[in-house]
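Every number here is computed from the coordinates shown, using simple stated rules; none is lab data. All figures in this text were calculated on a predicted structure; none of them were measured in a lab. Cβ placement follows ideal geometry from the backbone for every residue including glycine, while neighbour counts extend to all protein chains displayed.
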Amino acid sequence: MNVHLTRTRALLTGAALLLAAAPTAHATLVGADFSVPERGASYVETQLFFGTERPDGGQAVSDRQFMAFVDKEVTPGFPKGLTVQSGREQWRDVSGRTEKERSYELILLYPVGRAAASDRRIEEIRRAYEKTFGQESVGRVDDRARVDF
């Protein structure tokens with residue numbers, strides 16, 4: 001019994017020392033000089049999220065259909081490249097039901113100087129997908145990025 005008490009005290013003392021040191025370590029990092037050279041050019045990164053289930057209960061959008069859509073609607077406006085990733089998404093539809101479905105994430109990178117023209121093209125892509133595949137919406141996230149190829 002005494003061995004367990006000694007062991008417990010040692011563990012608690014060690015934990016207390018770690019916790020006591022944490023604020024000091026954090027304070028040191030806050031004022032630290034991380035002068036790393038800035039790389040790349042200023043770009044916008046846009047992520048689009050495409051669901052595949054059809055609200056009318058029809059056949060889900062297939063890989064072939066989605067890639068044909070990308071070839072026709074996305075590639076002409078972003079010929080320098082893009083990334084497509086498969087995923088699973090969960091969201092609440094307009095009636096309040098939680099929906100789960102297979103999805104695609106499309107990532108586009110474009111120079112900040114082309115943001116206005118790219119924005120128009122991206123909105124056209126979103127509307128075309130909604131119309132073509134009967135979707136309520138296509139999610140969009142925009143962020144600034146430093147990009148170097």
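Taking the highest mean first, how do the peptides 77-83, 50-56 order by number of other beta carbon atoms within 10 angstrom per residue?
In decreasing order of mean packing, 77-83, 50-56 become 50-56, 77-83.
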**Item:** Cα gyration tensor, segment 51-149 - rounded (a/c under 1.5), prolate or oblate
**Value:** prolate
**Fill in**
Partner aspartates and glutamates whose C-alpha sits under 12 Å from that of LYS100, ignoring same-chain residues fewer than 8 away, are GLU53, GLU89
**Cross-link reach list, lysines versus LYS80, counting only Cα pairs under 22 Å and skipping chain neighbours closer than eight places** = LYS72
**Item:** Cα shape, segment 61-114, gyration tensor, a/c 1.5 rule
**Value:** prolate
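Which order do the peptides 61-72, 85-96 come out in when sorted by mean C-beta neighbours inside 10 angstrom, highest first?
On the way: 61-72: 14.4, 85-96: 10.3.
In decreasing order of mean packing, 61-72, 85-96 become 61-72, 85-96.
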